[in-house]
Amino acid sequence: MNKEYAASTSFKKRVVHGMLLASFFSRIDGMYLPGKHALYFSQSLNFVNPCFVGEKITVEGEVIDKSIATKIIKLKTRVTNEQGKVLVHGESRVLVRDD
């Protein structure tokens, strides 16, 4: 979206697509959980505030449950901006494989 068009919208600035923000959750699973043994299984998403181009964000995942029987880890996920305002939140499930 260019600046001129963005100025005519209700946000008045260029907005980052919400799914771009949500895509960072898979990085948590692949880099900080068991890596190659982690399979991103599912994700719920709630887009609650806009992210504007140029904003610095923080992406977080907190383990809130794990099942030895099903080998699934549940995480609370969220993206916040520099002011601490939540932009996206949800839950992800990660399957931990044996191989």
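Rule-based calculations on the coordinates, nothing more; no lab input. On a predicted model such as this, the values are computed, not experimentally measured, just so you know.
Here the contact order of the chain, divided by its residue count and restricted to Cα pairs under 8 Å and six or more residues apart, works out to 29 percent. Per-residue ellipticity at 222 nm, computed for the chain from helices alone with -39500 (n - 2.57) per DSSP H run of at least four residues, works out to -2500 deg cm²/dmol. Amide H to amide H, with H built 1.01 Å from N, Cys51 comes under 5 Å of Val16, counting only residues 5 or more places away or on other chains.
Largest GNM mean-square fluctuation across Phe24, Phe52, Phe11, computed for the chain with C-alpha springs under 10 Å, falls on Phe11. Candidate cross-link partners of Lys36 among the aspartates and glutamates, defined by an alpha-carbon separation under 12 Å and a same-chain spacing of 8 or more, comprise Asp98, Asp99. Distances between every pair of Cα atoms in the stretch 12-96, grouped in 10 Å steps from 0 to the bin holding the largest one, split as 18, 48, 25, 8, 1 percent.
In straight-distance terms, cross-link reach from Lys85 covers every one of the lysines whose alpha-carbon lies under 19 Å from its own, apart from those fewer than eight places away in the same chain; here that gives Lys12, Lys13, Lys56, Lys76.
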